[in-house]
């Protein structure tokens, strides 16, 4: 009799544990979004929103964006529609951890036939790129934006890095961060001086295998 009761107790304990485990498994996808494709879509959507916010900020202020996303969250948009960045979003793969996206915007000028052109080049990277190689902005996004001459240079280089590194997330992250660091640390403020800098020329050759050739890049405001 005691053995039967003990067996029943163990059965109900195991059943209860299995039920709890099932509830947790069903709850996790909703809480942490464990669908890889949806996570990638959500992550790139968040990066697009940040890119647009930085672009709007740089068009208004015509200076570098140093990477502080709080600046975008707390600075009122002159159009009267809230701040430049209204929502706080983080890579879904972080599972609730609030690690900021890596962002920087470079502002350069160029004098063309006596007229000063203003270019912005914006880089937004996922903090989880070293684990998720698809968490990048693709060329289709940039093609739909009014990209500057500087942004076109960056996009071409980033797409080559993406093509070279393929699914090697660690290498992709390493290459893109090296590229990011050049633009963040260069003191140049003039377009040709920046892209013809020997440091950039060598870096681009190391990362893409090619020498820079920007003669065919479109000139845009």
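The values are calculated or read from the model by the stated rules, or taken from the named source; none is laboratory data. Keep in mind the model is a prediction, meaning the values are calculated, not measured. We place every Cβ from the backbone using ideal geometry, glycine too, and count neighbours over all the protein chains shown.
State yes or no: is residue 42 under 21 Å from the mean Cα position of the chain (by Cα), at pLDDT 95 or above, part of a helix (DSSP H, G or I) and surrounded by fewer than 19 Cβ atoms within 10 Å (Cβ to Cβ)? Can you show your working first?
Working: under 21 Å from the mean Cα position of the chain (by Cα): yes; at pLDDT 95 or above: yes; part of a helix (DSSP H, G or I): yes; surrounded by fewer than 19 Cβ atoms within 10 Å (Cβ to Cβ): yes.
Considered against the rule, which asks whether it is under 21 Å from the mean Cα position of the chain (by Cα), at pLDDT 95 or above, part of a helix (DSSP H, G or I) and surrounded by fewer than 19 Cβ atoms within 10 Å (Cβ to Cβ), residue 42 comes out as yes.
Being closer than 17 Å to residue 39 by Cα and more than 13 Å from the chain's Cα centre (by Cα) is true for just one of 100, 115, 93, 181. Which residue is that? Let's see the steps before the verdict.
Values: 100 fails: more than 13 Å from the chain's Cα centre (by Cα); 115 fails: closer than 17 Å to residue 39 by Cα; 181 fails: closer than 17 Å to residue 39 by Cα.
Result: 93 is the single residue among 100, 115, 93, 181 that is closer than 17 Å to residue 39 by Cα and more than 13 Å from the chain's Cα centre (by Cα).
Residue 142 is checked against (1) touching a residue at least 24 places away in the same chain (Cβ under 8 Å); (2) under 16 Å from the mean Cα position of the chain (by Cα); (3) more than 18 Å from residue 67 (Cα to Cα) and fails just one. What number does that condition carry?
(1) is the only condition that residue 142 fails.
Got a number for residues in the stretch 158-185 being more than 20 Å from residue 64 (Cα to Cα) and either assigned to a helix (DSSP H, G or I) or not assigned by TED's automatic domain parsing to the domain that holds residue 116 (or both)? Break it down into steps so the answer makes sense when it comes.
Narrowing the stretch 158-185 to residues more than 20 Å from residue 64 (Cα to Cα): 159-175.
Narrowing the set further to residues that are either assigned to a helix (DSSP H, G or I) or not assigned by TED's automatic domain parsing to the domain that holds residue 116 (or both) leaves 159-165, 169-175.
Summing the residues that are more than 20 Å from residue 64 (Cα to Cα) and either assigned to a helix (DSSP H, G or I) or not assigned by TED's automatic domain parsing to the domain that holds residue 116 (or both) in the stretch 158-185 gives 14.
Restricting to the stretch 83-106, count the residues that are touching a helix residue (DSSP H, G or I) at 6+ places or on another chain (Cβ under 6 Å), surrounded by fewer than 19 Cβ atoms within 10 Å (Cβ to Cβ) and touching a residue at least 60 places away in the same chain (Cβ under 8 Å).
Qualifying residue count for the region: 1.
Being in contact with a strand residue (DSSP E or B) (Cβ under 9 Å, 6 or more places away or on another chain), buried (at least 18 other Cβ atoms within 10 Å of the Cβ), more than 21 Å from residue 67 (Cβ to Cβ) and at pLDDT 95 or above narrows it down to one of 134, 117, 149, so name that one. It would help to see each step written out before you state the result.
Working: 134 fails: in contact with a strand residue (DSSP E or B) (Cβ under 9 Å, 6 or more places away or on another chain); 117 fails: buried (at least 18 other Cβ atoms within 10 Å of the Cβ).
Answer to the selection: 149.
Quick one: is residue 34 at pLDDT below 95, outside any loop (DSSP other than H, G, I, E, B) and over 19 Å from residue 106 (Cα atoms)? Before you say what the answer is, go through the steps one by one.
On the way: at pLDDT below 95: yes; outside any loop (DSSP other than H, G, I, E, B): no; over 19 Å from residue 106 (Cα atoms): yes.
No: the conditions fail for residue 34.
Being in a helix (DSSP H, G or I) and under 17 Å from residue 151 (Cα atoms) is the filter here; which residues of the stretch 186-202 pass it?
Taking the stretch 186-202 first, the residues in a helix (DSSP H, G or I) are 191-195, 198-202.
Listed by number, the residues that qualify are 191, 192, 193, 194, 195, 200, 201.
Output the residue which, of all residues in the stretch 53-81 that are in contact (Cβ under 8 Å) with a residue 60 or more places away in the chain and part of a helix (DSSP H, G or I), is surrounded by the fewest Cβ atoms within 10 Å (Cβ to Cβ).
Top of the filtered list is 59.
Please work out which residue is farthest from residue 153 (Cα to Cα), limiting yourself to the stretch 116-139 and to residues that are out of contact with any helix residue (DSSP H, G or I) (no Cβ under 7 Å at 6 or more places or on another chain) and touching a residue at least 24 places away in the same chain (Cβ under 8 Å).
Filtering the stretch 116-139 down to residues out of contact with any helix residue (DSSP H, G or I) (no Cβ under 7 Å at 6 or more places or on another chain) leaves 116-118, 127, 138.
If we keep only those that are touching a residue at least 24 places away in the same chain (Cβ under 8 Å) as well, we get 117-118, 127, 138.
Values: 117: 15, 118: 14, 127: 23, 138: 14 Å.
For the stretch 116-139, the residue satisfying everything is 127.
Just to be sure I understand, how many residues within the stretch 196-215 are more than 20 Å from residue 103 (Cα to Cα) and at pLDDT 95 or above? Show your work before the answer.
Applying the first criterion (more than 20 Å from residue 103 (Cα to Cα)) to the stretch 196-215 yields 196-199, 201-202, 205-206, 208-215.
Checking the rest, the ones that are also at pLDDT 95 or above come to 196-199, 201-202, 205-206.
Here the count works out to 8.
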